[in-house]
Amino acid sequence: MDKQGNDNIDSHGPSSIKADCKTSTKRSCLPLDLGVCLCVWGIYYLCATGSRNSMADDKDVLRDVWFGRIPTCFILNQDEVTEREAEPYYLLLPRVSYLTLVTDKVKKHFHKVVRTDDVEEMWLEYEGTPLKWHYPIGVLFDLHASNTVLPWSITVHFKNFPDRDLLHCPSNSVIEAHFMSSLKEADALKHKSQVVNDMQKKDHKQLWMGLQNDKFDQFWAMNRKLMEYPTEEGGFRYIPFRIYQTMSDRPFIQKLFRPVSPEGNMHTLGDLLKEMCPAALPHDGEQKRYQVVIHGIEPLLETPLQWLSEHLSHPDNFLHICVTPVPSD
């Protein structure tokens, strides 16, 4: 485990580790990342029932989601001018973090071989698509590479930064500002900003440091306050969510949606999709065309949205939902 809190598989490390990272099969209809510390079946069962009395209690689910990892191979773009051959670099990327927060070692590794006068801001791409650092890593993978063979192969660039596609990220303070902005937006939807406004500056810093240093207990000691709500209300004011689609030019769908209907019934994932993204749902008798993925799994459409928001939201407190075409093979 390195200083950033992400597991490091060094390109010069044991060959057995590299081999394990390289051997994989296509992802199934219930995708599972090789090396992911995610109790998928426990979470899948809970998603199906929304039950608190099951094989895994709430904290187990939160912990398994937090420690989800994606085995990744970073390769230097062939157009980069190098002093010598650039070997690939391997990492187990944390799903809940951000690329620019956990790739310092990748940058240092390739800086050793790239000509100094050719080095600009590092940016990453997958199969021609620049990867937006301000999206959580798990979202990027589920959206662009969920049906690929592992490890996830990411190309590293040090020149020709795609200004039209990516935001610049000169320092970790930019990531922190983005993260806190998203978290405050989520709390505005859930609690009219009351919880986050009642926190002190040190509490905000504890949330950020917990994410930055991959400290589950440090983060959740404070984040649990953002997950509370009056029992009589049955849930948050609105559910913070974003729906991403590979078949749309829109960055994502984000609208107001309550977890409980006016009649007092719990809204489900299916209810949300029916209103916000009906194309994701198969019509009567129609073959399934799209996968609806959260943290690498496909929750049942009957799963209560409030439960999903409490347990499968990212650290920014948003429920990130990826809608992608079902693979043809």
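The values are calculated or read from the model by the stated rules, or taken from the named source; none is laboratory data. Predicted, not measured: the structure shown is a model, and the values here were computed from it. We place every Cβ from the backbone using ideal geometry, glycine too, and count neighbours over all the protein chains shown. Just the protein is used for accessible areas: all its heavy atoms, side chains included, with ligands, DNA and RNA removed. Shrake-Rupley method; radii C 1.70, N 1.55, O 1.52, S 1.80 Å.
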TODO: Collect residues whose amide H, placed 1.01 Å from N in the peptide plane, falls under 5 Å from the amide H of Leu93; neighbours closer than 5 in sequence don't count.
DONE: Ile70, Thr72
- [ ] With a Förster radius of 45 Å, plug the Cβ-Cβ distance of Gln287 and Asp58 into 1/(1 + (r/R0)^6) and report the FRET value to the nearest 0.05.
- [x] 0.80
TODO: Please give every one of the aspartates and glutamates within straight-line cross-link reach of Lys274, meaning a C-alpha to C-alpha distance under 15 Å, and leave out same-chain neighbours fewer than 8 residues apart.
DONE: Asp284, Glu302
Task: Nearby lysines by direct alpha-carbon distance to Lys59 (threshold 19 angstrom, same-chain neighbours under 8 apart not counted) - done: Lys215, Lys225
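Roll a 1.4 Å probe over the protein chains and send me the accessible area per residue for the stretch 181-329 in Å².
Value returned for the stretch 181-329: 47 Å² of accessible area per residue.
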- [ ] Starting from the amide H of Thr246, placed 1.01 Å from N in the peptide plane, find each other amide H under 5 Å away whose residue is 5 or more places distant or on another chain.
- [x] Val323
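Can you give the extra length, in nm with one decimal, that the chain gains between Asp217 and Ser173 once fully stretched, where that is 0.36 nm per residue apart less the Cα-Cα distance?
13.6 nm is the gain from fully extending Asp217 to Ser173.
Using the Cα centre as the reference, give the magnitude of the dipole from point charges on the C-beta atoms of the stretch 175-226 (Lys, Arg: +1; Asp, Glu: -1; all else neutral), rounded to the nearest 20 debye.
160
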- [ ] Give me the percent of the accessible area of the stretch 181-329 that comes from carbon and sulfur atoms, probe 1.4 Å, all protein chains in place.
- [x] 48
Task: Share of carbon and sulfur in the accessible heavy-atom surface of the stretch 73-148 [1.4 Å probe, %] - done: 43
- [ ] Mind grabbing the accessible area of Arg224 for me, 1.4 Å probe, Å², rounded to tens?
- [x] 120
- [ ] Given the peptides 68-74, 104-110, arrange them by the average over their residues of other C-beta atoms within 10 Å, most packed first.
- [x] 68-74, 104-110
TODO: Work out the FRET efficiency for Thr129 and Asp198 from their Cβ-Cβ distance, taking R0 = 35 Å, and round it to the nearest 0.05.
DONE: 0.30
Open item on the list: Rolling a 1.4 angstrom probe over the protein chains, ignoring ligands and nucleic acids, what is the accessible area of Trp152 in square angstrom, nearest 10?
Closed with: 0
Task: Probe 1.4 Å, all protein chains present, accessible-area order of Trp66, Trp220, largest first - done: Trp220, Trp66
